[in-house]
Amino acid sequence: MFGPPLDAWYVWIGLAIVSSTAVGAVTALPSAVPPDASGAARTVDGVAASEHAAVGKHPLSNAEAVRIGSDSVSLRGPGGTEHAAFGYGPVVPVLDDPELRATLRGDPPERAFRTPAEFERAVRHARAAKPQWQGADRLVVRRIDWEGTDVVLAG
């Protein structure tokens, strides 16, 4: 009696606008959680804080791609992209250098490199490279100290 009449055209138009706005807001929400970049950064920091040779692994279960820089890690997945900075660093991101990749996987650096100077050059080159997105299912971190070159490899 005191409300708007339900057969008025402006009530139905208003109801249609409100309904479509609500549907649009619900469909715009992400359907998955973003990947855990802070957990990956904690793994890197745990290895980097060690005073001795150490290895750490972190699963990247809901990430499609990872980008590792010398001071941060970024993860991209269906739920979005998340970034986290390292507390310890700088880190050496291992991208496309086969010798550094072998060292990251567990080979001693003296097996992969002929001299400590060659190892140091590869580390400098990897630190200077621009971070790139790459597919991965886990993050591997390894701390190495060989002939005065003390580094944390991540890839």
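For the reader, a short list of remarks on this structure follows.
- Restricting region 62-80 to residues that are touching a strand residue (DSSP E or B) at 6+ places or on another chain (Cβ under 6 Å) and among the polar types (S, T, N, Q), the residue that is surrounded by the most Cβ atoms within 10 Å (Cβ to Cβ): SER74
- Residues considered: GLU147, GLU120. Of these, the only one that is over 21 Å from ALA41 (Cα atoms) and touching a strand residue (DSSP E or B) at 6+ places or on another chain (Cβ under 8 Å) is GLU120.
- Yes/no for VAL23 being surrounded by fewer than 16 Cβ atoms within 10 Å (Cβ to Cβ), at pLDDT below 90 and in contact with a Gly (Cβ under 6 Å, 6 or more places away or on another chain): no
- Residue check, ARG124 at pLDDT 90 or above and within 19 Å of SER38 (Cα to Cα): no
The values are calculated or read from the model by the stated rules, or taken from the named source; none is laboratory data. These figures come from a predicted structure and were not determined experimentally. Note that each Cβ is placed from the backbone with ideal geometry, even for glycine, and that neighbours are counted across all protein chains shown.
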